[in-house]
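One structure is given here, and the rest of the page talks about it.
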Amino acid sequence: MHRRSILWGALSAIGAAFTASRANAATETPPPGRLKVVYHLDDLDKVNFVIGNIQNHLDGVGGPGNVTIALVVHGQALKAFHSAAVNPGLSKQVGQFTKDGIALAACGNTMKSQNITLADLLPGFVAAERGGVVRLAELQSQGYLYLRP
């Protein structure tokens, strides 16, 4: 019986040390370096959520100088960025993102299907001529981390 108590105590101590080690690892600051992240947006209902995520990301890392962010928009979500019908708050936020150096790409295929050009979108967008999904793959091959909130 005494041996079981000793064994149980030892296992409990090892488990507690392992748990504490994992908790410390989860809260450690990542090594210096500039992460590259691409956000994928294709759902009209998630536009404000994704824009908020990008802002939270910028705030969380201490500003745009500490991260490289790209946003690739296609499908129905692109309608939110049509300059003729855009929400003023979204327009202001996209303008700030452009100033912050966030790369904004609109899917060329979606632009064709919606019968629009870059002139119809908020300033700052570039066309992903070969398609939004192709652009996402290109960015991932360049080391961008993929986020689809």
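The values are calculated or read from the model by the stated rules, or taken from the named source; none is laboratory data. Computed from a predicted model, the values in this text were never measured in an experiment. Cβ atoms come from the backbone with ideal geometry, glycine included; neighbour counts cover every protein chain shown. Heads up: the accessible areas ignore ligands, DNA and RNA and are worked out on the full protein's heavy atoms, side chains in. Shrake-Rupley method; radii C 1.70, N 1.55, O 1.52, S 1.80 Å.
Of the peptides 94-104, 114-124, how do they stack up when ordered by the mean number of other Cβ atoms within 10 Å, highest first?
Per-residue mean Cβ counts within 10 Å order the peptides as 94-104, 114-124.
Name the residue farthest towards the positive end of the dipole of region 27-127 from the options ASN56, GLN93, GLN114, assuming +1 on Cβ of Lys and Arg, -1 on Cβ of Asp and Glu, about the Cα centre.
Farthest along the dipole direction, towards plus: GLN114.
Accessible area of region 101-149 with a 1.4 Å probe: how many percent of it is carbon plus sulfur?
55
How high is the FRET efficiency from ALA137 to ALA84, r the C-beta distance, R0 25 Å, rounded to 0.05?
For R0 = 25 Å, the calculated efficiency reads 0.25.
Which value, in Å², gives the accessible area per residue of region 27-143 when a 1.4 Å probe is used on the protein heavy atoms?
53
So how strong a dipole does region 55-149 carry about its Cα centre when Lys and Arg Cβ are +1 and Asp and Glu Cβ are -1, to the nearest 20 debye?
Dipole of region 55-149, to the nearest 20 debye: 160 debye.
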